[in-house]
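A.B. asks: Sharing a structure here in structure tokens format.
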């Protein structure tokens, strides 16, 4: 058996925690992440990139639970480590900036989120080129900010670019393509253009139906697509299942409210039916 302070223990704990996290088994994942981070802190430099990754993954878990107060400092610490070790223009740093931006978007801190995402996009375009999936992720998240602010034309342009990049980088049947299609359909419906939205929703739902397994976030987007397509009963079933697993992202809770799905008090965060 490896000693408790061995860095390999931290790696194993982190890998297991991430697997549980992706399965939306948050109660099981959280203590494993905490142990992994504590073990890294005892065995490696405080600037070790593996520690930075574990911090950001735990931050992502808290974000999915709707707990920005716990998520934000973890991302800030992860960003500080990676910027120091990798420099200010590394694509790994851009991923961490993107993660923090999503927290700020959830909290409606749009100016802070936009600044982070524009920086991430600039890094990715220079380091990875114009057709990389990581770039598409940041463009998609930037489009969500513009959607929330009612900047429909800007959101739509980024959404279309996102679809194009994801189709090239990950294939036309990827869940990332489906996410961007749902966004574009939502924007079309806001413009009172259901004839344009419906084919996009149909294509997205076909992708979701074929997916062998999905993480919590794409399942929440599947619920949104079902609702937008007029299949609210099916959307409620999916939403209730996600709530039962502890998924509490702010945009998802807004969908639950629209669907009439009752949510509950989780930690310090009170949600409403």
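A.B. asks: Hey, residue 106 hits all of (1) modelled with pLDDT of 95 or more; (2) closer than 30 Å to residue 188 by Cβ; (3) buried (at least 17 other Cβ atoms within 10 Å of the Cβ) but one; which does it fall short on?
C.D. replies: The number of the failed condition is (1).
Each row is one residue, and each column tells you yes or no for (1) in contact with a helix residue (DSSP H, G or I) (Cβ under 6 Å, 6 or more places away or on another chain); (2) under 21 Å from residue 144 (Cα atoms).
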site: 41; (1), (2): no, no
site: 46; (1), (2): no, no
site: 74; (1), (2): yes, no
site: 78; (1), (2): yes, no
site: 82; (1), (2): yes, no
site: 94; (1), (2): yes, yes
site: 98; (1), (2): yes, yes
site: 103; (1), (2): yes, yes
site: 123; (1), (2): yes, yes
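A.B. asks: Then there is this: If residue 170 satisfies every condition in (1) surrounded by 15 or more Cβ atoms within 10 Å (Cβ to Cβ); (2) over 26 Å from residue 88 (Cα atoms); (3) without any contact (Cβ under 8 Å) to a residue 40 or more places away in the chain; (4) under 20 Å from the mean Cα position of the chain (by Cα) but one, which is the exception?
C.D. replies: (1)
So that you can scan it fast, the table gives a plain yes or no per residue for (1) touching a helix residue (DSSP H, G or I) at 6+ places or on another chain (Cβ under 6 Å); (2) touching a residue at least 40 places away in the same chain (Cβ under 8 Å); (3) at negative phi:
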residue	(1), (2), (3)
116	yes, no, yes
126	no, no, yes
139	yes, no, yes
146	yes, no, yes
150	no, no, no
157	no, no, yes
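A.B. asks: Of all residues being closer than 21 Å to residue 153 by Cβ and buried (at least 17 other Cβ atoms within 10 Å of the Cβ) in segment 190-215, which is farthest from the chain's Cα centre (by Cα)? Just the residue, please.
C.D. replies: Step by step, filter segment 190-215, then rank; the result is 197.
The values are calculated or read from the model by the stated rules, or taken from the named source; none is laboratory data. Since the model is a prediction, treat every value here as computed from it, not as a measurement. Neighbour counts run over all protein chains shown; Cβ positions are idealised from the backbone, glycine included.
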